[in-house]
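The values are calculated or read from the model by the stated rules, or taken from the named source; none is laboratory data. This one's a predicted model, so the numbers in the text were calculated from it and none came from an experiment. For neighbour counting, all protein chains shown are included, and Cβ atoms are generated from backbone atoms with ideal geometry for every residue, glycine included.
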Amino acid sequence: MRDSAVRDVLQAFLGTLLAVAVYALAGAAAPGLLVVFNAFSVVVLCFAVRRGEVFGALLGTMCGLAQDAFSLGVFGVAGLSKTMLGFWAGYVSRRIDVASWSRNALFMLALAVLETALWVVLTAVVRAGPVNLHGGLIALQPVVTAALGTAFLALGRWAAARRARGA
């Protein structure tokens, strides 16, 4: 059990580093891509579903603050929205069955929509000017996040099943 927790923490740290690298490279290459694709949300969703609400909330805080460090907006908005995303993903996934691909996809889509809506509301509250929705392009972010999160979780389950058969 302890080895599993250490492995999960290490994997979450590596996932966060990968999200930082993706965010930095995508921001340099095509800044509009950052509006559609949120690597930090994918990391938080995947680990929160696997490890629960406490792990998800702590990872959400870490990923959100890392994302805030990249932005020119108010520091802490992504931190708070990702913390809530991680907590609720872990909490709800422990109480309902989200193992099937279709349920997982709908679950992740619902949470990604709620996280994006929370981010927009928090940004509107703390900023003096209007929230930049990038011409509505931000509406694609939950769909892309849910699709990638579902794909990564399915890939992880497939790899774990293969390891279990081989061992």
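When the test is whether a residue is farther than 23 Å from S4 by Cα and in a helix (DSSP H, G or I), L80 passes it.
Here the condition is being buried (at least 16 other Cβ atoms within 10 Å of the Cβ), more than 17 Å from V43 (Cα to Cα), hydroxyl-bearing (S, T, Y) and touching a helix residue (DSSP H, G or I) at 6+ places or on another chain (Cβ under 6 Å); of T116, T123, T150, it holds for T123 alone. Against the criterion of being assigned to a helix (DSSP H, G or I), out of contact with any Lys or Arg (no Cβ under 9 Å at 6 or more places or on another chain), among the aliphatic types (A, V, I, L, M) and farther than 26 Å from P130 by Cβ, L58 qualifies. Can you name the residue in segment 61-77 that is assigned to a helix (DSSP H, G or I) and free of Cβ contacts under 8 Å to residues at least 40 places away in the same chain and, of all such residues, is nearest to the chain's Cα centre (by Cα)? My answer is G64.
Quick grid of which residues meet (1) of a type in the set (A, V, I, L, M, F, W, C); (2) within 30 Å of G129 (Cβ to Cβ):
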residue	(1), (2)
L10	yes, no
V49	yes, no
Q67	no, yes
S100	no, no
L114	yes, yes
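Identify, please: which residue in segment 139-153 is of a type in the set (A, V, I, L, M) and under 15 Å from the mean Cα position of the chain (by Cα) and is, among those, farthest from L34 (Cα to Cα)? Out of the qualifying residues, it is L153.
Against the test of being more than 22 Å from A124 (Cβ to Cβ) and surrounded by fewer than 17 Cβ atoms within 10 Å (Cβ to Cβ), the options L72, L14, L59, L45 yield a single qualifying residue, L14. Assess whether R157 counts as being more than 17 Å from G15 (Cα to Cα) and either basic (K, R) or not in a helix (DSSP H, G or I) (or both). When the stated conditions are applied, R157 does not pass them.
For the structure I just gave you, tell me whether M108 is within 13 Å of the chain's Cα centre (by Cα), surrounded by fewer than 21 Cβ atoms within 10 Å (Cβ to Cβ), at pLDDT 90 or above and part of a helix (DSSP H, G or I). No. Applying a threshold of 6 Å to beta carbon distances and a minimum spacing of six or more residues, or different chains, the list of pairs starting in segment 112-131 at a residue that is over 18 Å from N38 (Cα atoms) and ending at one that is of a type outside the set (F, W, Y) and in a loop (DSSP other than H, G, I, E, B) reads A124/V131; V126/V74.
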